[in-house]
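Here's the structure, in structure tokens; my notes come after.
The values are calculated or read from the model by the stated rules, or taken from the named source; none is laboratory data. Here the structure is a predicted model, which is why all the values come from computation and not from measurement. Cβ sites come from the backbone with ideal geometry, for glycine too, and all protein chains shown count toward neighbours. Keep in mind that these areas ignore ligands, DNA and RNA; they rest on the heavy atoms of the full protein, side chains included. Shrake-Rupley method; radii C 1.70, N 1.55, O 1.52, S 1.80 Å.
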Amino acid sequence: MKQEKIKLIIASTTSTQNSGLFDILLPAYEKSSRYNVAVEVIAVGTGKALRIAKKGEADVLFVHEPFREEKFLARATG
């Protein structure tokens, strides 16, 4: 019986997606991970990515707006 893949969801900015970074990192991660994982990237603007993360709909967050990142983290841990 084939084991079902675990989905890892990344909420990211479109600029990070468009840079090609995930095209390099994700296949290597999926191949080398000891977990049977499939990564899905949701590429949107910073505000939308933060809202997705706030709702618990992403496992990893890639954004690049320090003020909003700090505000998000303060609320999430506070």
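Restricting segment 18-53 to residues that are β-branched (Val, Ile, Thr) and modelled with pLDDT of 95 or more leaves a set whose member that is farthest from residue 5 (Cα to Cα) is 44.
Checked against (1) assigned to a loop (DSSP other than H, G, I, E, B); (2) free of Cβ contacts under 8 Å to residues at least 40 places away in the same chain; (3) open to solvent by less than 60 Å² (accessible area, probe 1.4 Å), residue 34 meets all criteria but (3).
Yes/no matrix, rows are residues, columns are (1) part of a loop (DSSP other than H, G, I, E, B); (2) over 25 Å from residue 75 (Cα atoms):
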{"site": "7", "(1), (2)": "no, yes"}
{"site": "10", "(1), (2)": "no, no"}
{"site": "26", "(1), (2)": "no, yes"}
{"site": "30", "(1), (2)": "no, yes"}
{"site": "47", "(1), (2)": "no, no"}
{"site": "50", "(1), (2)": "no, no"}
{"site": "58", "(1), (2)": "yes, no"}
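For every residue, the table says whether it meets (1) in contact with a strand residue (DSSP E or B) (Cβ under 6 Å, 6 or more places away or on another chain); (2) acidic (Asp, Glu).
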| site | (1), (2) |
| --- | --- |
| 28 | no, no |
| 33 | no, no |
| 39 | yes, no |
| 47 | no, no |
| 51 | no, no |
| 59 | yes, yes |
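Taking segment 1-21 as the range and being open to solvent by less than 40 Å² (accessible area, probe 1.4 Å) and farther than 19 Å from residue 48 by Cα as the test, only 20 passes. So residue 64 clears everything in (1) more than 21 Å from residue 4 (Cα to Cα); (2) modelled with pLDDT of 95 or more except one condition, right? Which one? (2) is the only condition that residue 64 fails. For beta carbons closer than 6 Å, sequence separation of 6+ or different chains, a first residue in segment 64-77 that is farther than 15 Å from residue 47 by Cβ and a second that is of a type in the set (Gly, Ala, Ser), there are no qualifying pairs. Of all residues in segment 39-78, those satisfying the criterion of being in contact with a Phe, Trp or Tyr (Cβ under 9 Å, 6 or more places away or on another chain) and open to solvent by less than 60 Å² (accessible area, probe 1.4 Å) are 39, 41, 43, 49, 50, 53, 61, 63.
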